[in-house]
1. Going by average Cβ neighbours within 10 Å, how do the peptides 133-146, 207-220 rank, with the highest at the top?
2. Can you give the Rg and Dmax of the range 91-163 based on its C-alpha atoms, in angstrom?
3. Of the listed peptides 230-237, 377-384, 107-114, what is their order by residue-averaged count of other C-beta atoms within 10 Å, with the highest listed first?
4. Output ³J(HN,Hα) for the range 414-431: one whole-Hz value per residue in order, computed from phi by the Karplus curve 6.51 cos²θ - 1.76 cosθ + 1.60 with θ = phi - 60°, and x for Gly and Pro.
5. I need the phi-derived Karplus couplings for the range 141-152: 6.51 cos²θ - 1.76 cosθ + 1.60, θ = phi - 60°, integer Hz, Gly and Pro marked x.
6. Count the DSSP beta bridges whose two residues both fall in the chain, then state the antiparallel fraction as a percent rounded to the nearest 5.
7. At R0 = 51 Å, how high is the FRET efficiency between residue 110 and residue 7 if r is their beta carbon distance? Nearest 0.05 is fine.
8. Using only alpha carbons, build the gyration tensor for the range 215-362 and give me the equivalent ellipsoid semi-axes, biggest first, whole Å.
Amino acid sequence: MSAMPATDETALARAVASFEAPAAALDTIARDFLGQLTRGLVGEPSSLKVLRTFTRQPTGRERGRVLVVDWGGSKGRAGLVELAGGGAVHMVGEEVVTFSDDDKRGAADHVFDVIAAAVRRIVDAHAVDGGCPLGFVYSYPARLERIDRAVALALTKSWSLTGLDGKDVAGLLNEALERHGLGRIVVNAVANDTVAVLMLQSYRARGGDAGAGPADIGLILGTGTNQAADLGSAGIRNLESGNFDGVGAVETPYDVTVDRELAEPKPGAQRFEKMVSGHYLGEILRRVLVDLAEATPMFHWSDAPAFATPFGLDTELLSRFDADRSTALSSVAAGLRRLGVESTLEERRAVRRLARVVVRRSARLVAAALVGTLRFLDPGLAGRHGVAVDGSLWGGYPGFERQVRGALDELIGVERTKRLEITFVKDSTSAGAAVIAAVAAQQRSE
Ligand code: BGC
């Protein structure tokens, strides 16, 4: 029994209820997503960009060594990957670099220099020669004009660099490689991380079994979120689904302030991502707690920097809160203590309850967006479809996939959900970049 006074319980219950995403609302969202995908593809106004990728599904027989670069978050990677055929991929060497908050708001050239220096270390360590292809996964919106030319659009995930917007990111990397004495190495393919996970899963499936179907959808659920999809005659497209704006049916006042008060990405942009991805879920919970502190005697933690500062509450903590099954909620207590607050059991229960509903809504929104894409591919949802997924939220949050599947059951029925082959493809980006570069090399030689 709760010892909480009725008014506090009401305020809490109201906040919890605001995160509900009933099946009817999700269905509306899925239909809107489908409509916007259809319009985006033919160049009509749409919040989905549906960008061309200039790649095609791999055969699974691609082979050889490929240099790879992966830049899409606080960490960047340069590596050397061996495609061994038969669906096998080996990482020969890898260099990881970490970007600071200053790097995220500085000059683009500096970021490319850091990456080029990491490529240089790989090239030197493994005696890579000039003919080696390089696949570059750039996990932000970019309009490709060729497989090796990608014009940067506005950045996401709180990045804001000077000297990037409107520039070709492959060209910028080539110039940085040249500055590092690597003029002989040239970017031969640039792609989004959603395309990388889709391509890697197709390569693995087809390499292991020539009759296997390729992945139809690539999904990333980590710091950011996005989908790529193989739209048949329109080719593989990067939807930039994080920018989907048809979220009104399940939006809360907290989402409205997250959208309006953060400078990057600008208000109105990345609406879906701001309600779904790992970069934002902790921030949404923080705002709920700050708000409830005014309406109830609970959560009077505003002196603790974690609660006074935007993004002070890391999304990673939410999985810890959710997983705590102890009577005293000792893991929730420890997590909060790390943020500088001592809590009552009542507060811990409330925090866990709120964390769960914030994440549950994210999973349900992901399901709605997937249904939108699946209905585009196969209106009757009669066939088998492959969805390849990567990202820290999907891979690291216990029960996230189960919640997505539960919402899919509600939206399209248990039988159709069973026909979806959803595969978690861990650490897909660098290996996927290698597959894309190998396919590009093959396309060039034809
Ligand atoms: C970017 C996408 C990317 C996704 C996942 C989003 O913020 O706009 O390009 O695929 O994050 O990394």
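The values are calculated or read from the model by the stated rules, or taken from the named source; none is laboratory data. No experiment lies behind these values; they were computed from the predicted model shown. Glycine gets a Cβ as well: all are built from the backbone with ideal geometry, and neighbour counts include every protein chain shown. All accessible areas refer to the heavy atoms of the entire protein, side chains included, with ligands and DNA or RNA removed. Shrake-Rupley method; radii C 1.70, N 1.55, O 1.52, S 1.80 Å.
1. Numbers: 133-146: 22.5, 207-220: 20.6.
Averaged packing, sorted descending, gives the order 133-146, 207-220.
2. Here Rg and the maximum Cα pair distance are 14.0, 36 Å.
3. Values: 230-237: 16.4, 377-384: 12.0, 107-114: 18.4.
Highest mean packing first, the order is 107-114, 230-237, 377-384.
4. 5, 5, 5, 5, 4, 6, 7, 9, 9, 10, 7, 10, 5, 6, 7, 5, 5, 5
5. Values per residue, Gly and Pro as x: x, 8, 9, 6, 10, 8, 4, 10, 8, 9, 7, 5 Hz.
6. Details: 34 of 53 bridges.
Counting DSSP beta bridges with both partners in the chain, the antiparallel share is about 65 percent.
7. Values: r = 53 Å, r/R0 = 1.03.
With a Förster radius of 51 Å, E is 0.45.
8. Details: eigenvalues 206, 60, 28 Å².
Working through the eigenvalues yields semi-axes of 32, 17, 12 Å.
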